[in-house]
1. Checking GLY83 against (1) crowded, with 16+ Cβ neighbours inside 10 Å; (2) modelled with pLDDT of 80 or more, only one condition comes out false. Which one?
2. For GLU65, all conditions in the list (1) at pLDDT below 80; (2) over 23 Å from SER12 (Cβ atoms) hold save one; what is the number of the exception?
3. Could you please let me know if GLY100 is in a loop (DSSP other than H, G, I, E, B) and at pLDDT 85 or above?
4. Would you mind telling me which numbered condition in (1) under 21 Å from GLU101 (Cβ atoms); (2) modelled with pLDDT of 70 or more; (3) not acidic (Asp, Glu) THR50 fails?
5. Would you mind telling me which numbered condition in (1) closer than 19 Å to MET41 by Cβ; (2) at pLDDT 85 or above; (3) not aliphatic (A, V, I, L, M) TRP107 fails?
Amino acid sequence: MGVAHGPEVNVSITLKSTDLATDELSLVAYMDVTPITMGGMNRRMALKVTGVDHEELAEENHFSEGAIIYLYNPNDLEADGAGVVSVEIGGEIIITLNQGEWACFPWSAGQSGDDINISAATAENLLEYGVFGKPA
């Protein structure tokens, strides 16, 4: 009898530049998490303003080490007055996403002792996100 596994998440990012310097730059990074047994995609408003407070996006006690975080800022500054969305872990802003920017990174979750929190430059900024991993 085999062991049942859930789906897996495979993320690859390729960076390539032929005009950066005299040498060509090429980097390929892979992140695999298997089995994925919890998580999914969602959209929510970031209601807190940066510097005032942060809202919890993902609770570190719910996921095992090695979860994958996907973030996308779909806001259009001119269309809906929205601005940047900041991501904070352990009291430090680790990334700020401008309109149209996205990020994907591994999260140590239960090992770090830190939740993933968000805040925004203005109230009511939309954020698309996904957290994929195994339960703690």
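The values are calculated or read from the model by the stated rules, or taken from the named source; none is laboratory data. All figures in this text were calculated on a predicted structure; none of them were measured in a lab. With ideal geometry, Cβ positions are generated from the backbone for all residues, glycine too; neighbour counts draw on all protein chains shown.
1. (2)
2. (2)
3. Details: in a loop (DSSP other than H, G, I, E, B): yes; at pLDDT 85 or above: yes.
It is true that GLY100 is in a loop (DSSP other than H, G, I, E, B) and at pLDDT 85 or above.
4. It fails just one condition, (2).
5. Of everything listed in (1) closer than 19 Å to MET41 by Cβ; (2) at pLDDT 85 or above; (3) not aliphatic (A, V, I, L, M), TRP107 misses just condition (2).
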